[in-house]
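What follows is calculated from the coordinates using simple rules that are stated; it is not laboratory data. Predicted model, so just to flag it, every value in this text is computed and none were measured. Note: ideal-geometry Cβ built from the backbone for every residue, glycine included; neighbour counts use all protein chains shown.
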Amino acid sequence: MTTVEEAVALQEELAPQVIRTVPDGFSPKVAVGLDVAYGSDDLVAAAVCVDVATLEIVDSVAVRDVTDFPYVPGLFAFRELPSLLKALDRLKVVPDVLVCDGQGIAHPRRFGLASHAGVVTGLPSVGVGKQALGHYDPPGPGRGDWTPLVDNDEVVGRALRTQAGVKPVFVSIGHKIDLDTATELVLRLSPKYRLPETTRAADQLGRRVSAGGVGVQDVTD
DNA sequence: GCGACAG
DNA sequence: ATCTTGTCGC
């Protein structure tokens, strides 16, 4: 089993591999939302592919799994990523970008779940957290307003208001993307609610499967 | 020593 | 994360 010390060492080793710029001609057609729902003795990792233009769900997979790694702030990926990767492997559609429920480089070692997922898969990724890891001033009141998310005097992300009158979400670079592009994508994926449709869909699928419905087998569509 | 601490 | 329906308000 991975120890906390080993996990931290791995993050420090992989963090330099994060690419904070977009590939040439980056124009994602399919974004996949990743989220994990917890049961009493297991968890369900959900991956839902959404057409970026229409927001229609084009593919989805849920995998029931178990973890041995506890929740440790800063080591979130070691708890959820293994199961999420299994779900990603079972997708029929190959996504252009990962939308993770958590932080990217807005992390103590600049290697949160979204960055870890991006580096491991080689895919562009963005982190969208509901809680900030860092400091920020409240963004303006309108949809699209944002302020820098700062940690140790370094801008690591943005507090982004996706809807007027709701708390901001925290967007950060995961891998192979920049902050402007990540912000634009998150806004596009969040036309109606605070969270992107990708994470909403993955969250719903995950808890639906976790709650009962299907047993051990994967759930597709 | 004390508070913070993604999900 | 999870325990949890209806209800108050714009």
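Computed over neighbours whose Cβ is under 12 Å from that of A:L84, the net charge equals -2, Lys and Arg +1, Asp and Glu -1.
Each Lys and Arg contributes +1 and each Asp and Glu -1, all at the Cβ; summed about the Cα centre of the range A:23-79, the dipole is approximately 100 debye. Of the residues A:M1, A:A201, A:S125, the one whose Cα sits farthest towards the positive end of the charge dipole of chain A is A:A201 (charges of +1 on Lys and Arg Cβ, -1 on Asp and Glu Cβ, taken about the Cα centre).
What percent antiparallel are the DSSP beta bridges of the range A:4-220, to the nearest 5? Please list the in-between numbers first.
Numbers: 34 of 42 bridges.
Here the antiparallel bridges make up roughly 80 percent for the range A:4-220.
Taking a point 7 Å out from the Cα of A:M1 in the direction of its Cβ, the residues of the range A:62-85 whose backbone N falls within less than 15 Å of it are A:66-72, A:78-80.
Full extension of the segment from A:R20 to A:I57, taken as 0.36 nm per residue of separation minus the current Cα-Cα distance, would add 10.5 nm.
Tell me, what is the FRET efficiency for A:D68 and A:K92 to the nearest 0.05, using R0 = 25 angstrom and their Cβ-Cβ distance as r? Each step should come with its number before you reach the end.
Values: r = 29 Å, r/R0 = 1.18.
Rounded to the nearest 0.05, the efficiency is 0.25.
Would you mind checking the pairs A:K86/A:K167; A:K29/A:K92; A:K167/A:K192; A:K29/A:K176 and listing those with alpha carbons more than 23 angstrom apart? Going by Cα-Cα distance, A:K86/A:K167 fall outside the 23 Å limit. Averaged over residues, the count of other Cβ atoms within 10 Å places the peptides A:153-161, A:135-143, A:171-179, A:99-107 in the sequence A:99-107, A:171-179, A:153-161, A:135-143, highest first. With helices as the sole contributors, chain A gives -8500 deg cm²/dmol at 222 nm; each DSSP H run of n ≥ 4 counts as -39500 (n - 2.57), and the sum is divided by every residue. Put a plus charge on the Cβ of each Lys and Arg, a minus charge on the Cβ of each Asp and Glu, and nothing anywhere else: the dipole of the range A:77-166 about its Cα centre is then about 340 debye. Just checking the listed ones, A:P95, A:P73, A:P108: in the Gaussian network model of chain A with Cα springs under 10 Å, the one fluctuating most is A:P73. Note on the range A:77-93 and the range A:145-192: Cα centroid distance 24 Å, given to the nearest whole angstrom.
Using the Cβ atoms and a cut-off under 11 Å, what net charge is assigned to the surroundings of A:G39, where Lys and Arg are +1 and Asp and Glu are -1? Could you put the intermediate results ahead of the total?
Numbers: positive: A:R64, A:R207; negative: A:D41, A:D42, A:D65.
Net of charged neighbours comes to -1.
Comparing mean-square fluctuations of A:L43, A:L205, A:L88 from a GNM of chain A with C-alpha springs under 10 Å, the top value falls on A:L43. Specify which residue in the list A:P16, A:P73, A:P191 is farthest towards the positive end of the charge dipole of the range A:4-220, using unit charges on the beta carbon of Lys, Arg (+1) and Asp, Glu (-1), about the Cα centre. Sorting the options by dipole projection puts first A:P191. Result for chain A in a Gaussian network model with C-alpha springs under 10 Å: among A:V120, A:V18, A:V72, the largest mean-square fluctuation is at A:V72. Taking the Cα centre of the range A:4-220 as reference, the dipole from Cβ charges on Lys and Arg (+1) and Asp and Glu (-1) amounts to some 680 debye. Extension gain for the segment A:E184 to A:D42, taken as residue separation times 0.36 nm less the Cα-Cα distance, is 47.6 nm to one decimal.
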